[in-house]
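Visitor: Mind having a look at this structure? Questions to follow.
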Amino acid sequence: MEAKRSQFVLKLLPSFADFAFLMPIAYLFGSLGGSRSLLNDCDTGWHIRTGEWILAHGRIPFQDIFSFSKPGQPWFAWEWLSDVLLAWLNGIDGLRAVLLFSIAIICATFTLLYLLTRRKSNVLIAISVTMVAAAASSIHWLARPHLFTFLFLVLFYGGLERVREGKDKIAGIPILWLFPIVTVLWTNLHGGFFVGILLIAAYGAGELLQFFFQAAGAERQAAGRKARAYLASAGFCALASLVNPYTYHLHVHMAQYLRDPWNSEHIIEFLSPNFHQPRALFFEAYLVAAIAAAFWCVSRRRFVEPIVIALWAHGGLLAARNIAIFVIVAAPIVAEALQYGLEHAAEWNLPERLRSLAARFNSVAAQTAEMEAVPRWRLASIAGFAMVAALMFAPHPPEKFRAEFDPSRYPQKALASIRPDGATRIFTHDEWGDYLIWTGNRSFVDGRSDFYGDDFEQKYMDVLHMKLGWEKTLSEFGVDTILMPLDAPLTGALKESSHWHVVYDDGMALVFRPSGRNGGEVSAALTSGGTGRDREVTKTEASDRAITLTKSKT
């Protein structure tokens, strides 16, 4: 009777899987900016508006629907299915529904990653490795379609590990032949579908190396069969990715975009990671641990893991946007290597104190595993998520739970003062261009850098930096309004120009109109006086550079 009561109590208590689920929530609202941090760039806005356009017109757009600078030009709505889903959620209850759904995807991703890592190590190692992975990947936690790539990556990873373990079927269907079906969905949700194809191919390449380095015999033949199966699945996934509204044209467009050197020079997420940022330390620690784990795998004649680590460590060092992918694929490998090291610490020539600590850790982990073996009702996960939802849907939510674009980052008041109509042509930097789309206005440029192309983007950059011909560019496109942040270099030049004058200044955003034009239709709300800042806005601060760099384009 007592044992049954203890089992019942344990079912009510949180498990480490609950901790893995709630950990992103704790990090998001504890260390980060809460709900608003998921909207730290405004690409979410144009994704929602794209979905609304699709729902309203019943078709996928093939031409631009948002800009006044390139109207009707060919455009690829890469993530059209995600856009429709985000628009549907926004229609249910605005950005609150969108953000809550995004939080659910992040939590599900790291819960699944914990469960996968748990198969390679004890619970304490698994939860620790997952926590570091979550912290390292948080630089890319945004309410946008790329969250689906994180989720599908973990699902593919778990499926490949099951195949490797000999559990190659789900409901009687071979897992490797389920991948192409899922790839169709992934392709239409986000352009990161190639990550899954590369992961499967890496398993095939690893087995192929195993085949070449293995002596003749049954193991060599088995490695050859596995390599063929993995590579065939990757090939069929590649074919399945053609099932999208743009067919192979999407792949050509993506290849051209990802190879474009302009991106690695101007787009923040395509730049190499900045190791001076605090969160980069998590990536650095993972990098060191993953390289050590790769060498350990090679010493045991296992080649899949080193290929996976080499592929995405290179990707993470090449572009910060790939860090999240790297830490996800590295987590189970690092956990397994740590598990092996702790289990064999007693056999190594280590100081007695370290061997004693390892033995004690293994003992605690074994006792914890016994408690974890008892099935739980996941009440902690349900309660934690429900509390977040309640706070977000409260009549007056706390600041970190407000589902809104941060008013200190976006020119809500300035746009209200302009009262733009369909004929207003506003020039602003690309992130605020996203906000223009979100608020129902046409943009000169926005976050869709793959659409605008290098030549146009260079013209846009030349205007921001007042290079020769910048006023001619504005004239060519009929720009009649300029909306800029206070600290942008262009702002200082406009205040000195005889061709433009300030009609609105709220201390965060300024609105300029051509001089000599009747600006009566614009509310000139110089709420902070607009004095004493002419010299300041021409300074080249560190923040100026961020204005000239575009946000991610996923």
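Visitor: Looking at (1) closer than 30 Å to E457 by Cβ; (2) without any contact (Cβ under 8 Å) to a residue 40 or more places away in the chain; (3) surrounded by 23 or more Cβ atoms within 10 Å (Cβ to Cβ), which one does G315 not meet, given that it meets all the others?
Guide: So the condition that G315 fails would be (3).
Visitor: Continuing with the same structure: Taking region 318-358 only, how many residues are without any contact (Cβ under 8 Å) to a residue 24 or more places away in the chain and closer than 13 Å to I291 by Cα?
Guide: The qualifying residues number 0.
Visitor: Is it true that W177 is assigned by TED's automatic domain parsing to the domain that holds A227, more than 20 Å from the chain's Cα centre (by Cα) and aromatic (F, W, Y)?
Guide: Numbers: assigned by TED's automatic domain parsing to the domain that holds A227: yes; more than 20 Å from the chain's Cα centre (by Cα): yes; aromatic (F, W, Y): yes.
Judged against the criteria, W177 is a match.
Visitor: Given the residues L55, L86, which is the only one that is buried (at least 20 other Cβ atoms within 10 Å of the Cβ) and either assigned by TED's automatic domain parsing to the domain that holds F444 or outside any loop (DSSP other than H, G, I, E, B) (or both)?
Guide: So the residue among L55, L86 that is buried (at least 20 other Cβ atoms within 10 Å of the Cβ) and either assigned by TED's automatic domain parsing to the domain that holds F444 or outside any loop (DSSP other than H, G, I, E, B) (or both) is L86.
Visitor: While we're here: Of the residues that make up region 359-373, is at least one in contact with an Asp or Glu (Cβ under 8 Å, 6 or more places away or on another chain) and surrounded by 15 or more Cβ atoms within 10 Å (Cβ to Cβ)? I'd like the intermediate steps shown before the answer.
Guide: Of region 359-373, the ones in contact with an Asp or Glu (Cβ under 8 Å, 6 or more places away or on another chain) are 362.
Narrowing further to those that are surrounded by 15 or more Cβ atoms within 10 Å (Cβ to Cβ): 362.
The answer is yes; a qualifying residue exists.
Visitor: Can we say I426 is in the same structural domain as A97 (by TED's automatic domain parsing), surrounded by 13 or more Cβ atoms within 10 Å (Cβ to Cβ) and out of contact with any Lys or Arg (no Cβ under 6 Å at 6 or more places or on another chain)?
Guide: no
Visitor: I've got another one for you. Checking the condition outside any helix (DSSP H, G or I) and of a type in the set (F, W, Y), which residue from F110, F19, F76, F29 passes?
Guide: The unique qualifying residue is F76.
Visitor: Give region 249-303 a look and list any residue that's of a type in the set (D, E, K, R) and either in a loop (DSSP other than H, G, I, E, B) or in contact (Cβ under 8 Å) with a residue 60 or more places away in the chain (or both), or say none.
Guide: Those that are of a type in the set (D, E, K, R) and either in a loop (DSSP other than H, G, I, E, B) or in contact (Cβ under 8 Å) with a residue 60 or more places away in the chain (or both): D260, E269, R279, R300, R301, R302.
Visitor: Here's a follow-up. Which one of the conditions (1) within 24 Å of the chain's Cα centre (by Cα); (2) closer than 14 Å to W78 by Cβ does A234 fail to meet, given that it meets all the rest?
Guide: Going through (1) within 24 Å of the chain's Cα centre (by Cα); (2) closer than 14 Å to W78 by Cβ one by one, A234 breaks only (2).
Visitor: Separate question: Got a sec? Which of I127, I48 is closer than 28 Å to E457 by Cβ, in contact (Cβ under 8 Å) with a residue 24 or more places away in the chain, part of a helix (DSSP H, G or I) and in the same structural domain as P14 (by TED's automatic domain parsing)?
Guide: Among I127, I48, only I48 is closer than 28 Å to E457 by Cβ, in contact (Cβ under 8 Å) with a residue 24 or more places away in the chain, part of a helix (DSSP H, G or I) and in the same structural domain as P14 (by TED's automatic domain parsing).
Visitor: Related question: Of all residues in region 134-155, how many are farther than 20 Å from G196 by Cα, assigned to a helix (DSSP H, G or I) and under 11 Å from the mean Cα position of the chain (by Cα)?
Guide: 2
Visitor: Same structure, new question: Only one residue in A403, A394, A380, A423 is aliphatic (A, V, I, L, M), assigned to a helix (DSSP H, G or I) and either more than 24 Å from the chain's Cα centre (by Cα) or closer than 27 Å to L142 by Cβ (or both), so which one is that?
Guide: On the way: A403 fails: assigned to a helix (DSSP H, G or I); A394 fails: assigned to a helix (DSSP H, G or I); A423 fails: assigned to a helix (DSSP H, G or I).
Result: A380 is the single residue among A403, A394, A380, A423 that is aliphatic (A, V, I, L, M), assigned to a helix (DSSP H, G or I) and either more than 24 Å from the chain's Cα centre (by Cα) or closer than 27 Å to L142 by Cβ (or both).
The values are calculated or read from the model by the stated rules, or taken from the named source; none is laboratory data. It should be emphasised that the depicted structure is a prediction, and the values quoted were computed from it without experimental measurement. Cβ coordinates were reconstructed from backbone atoms using ideal geometry, including for glycine residues, and neighbour counts include every protein chain displayed.
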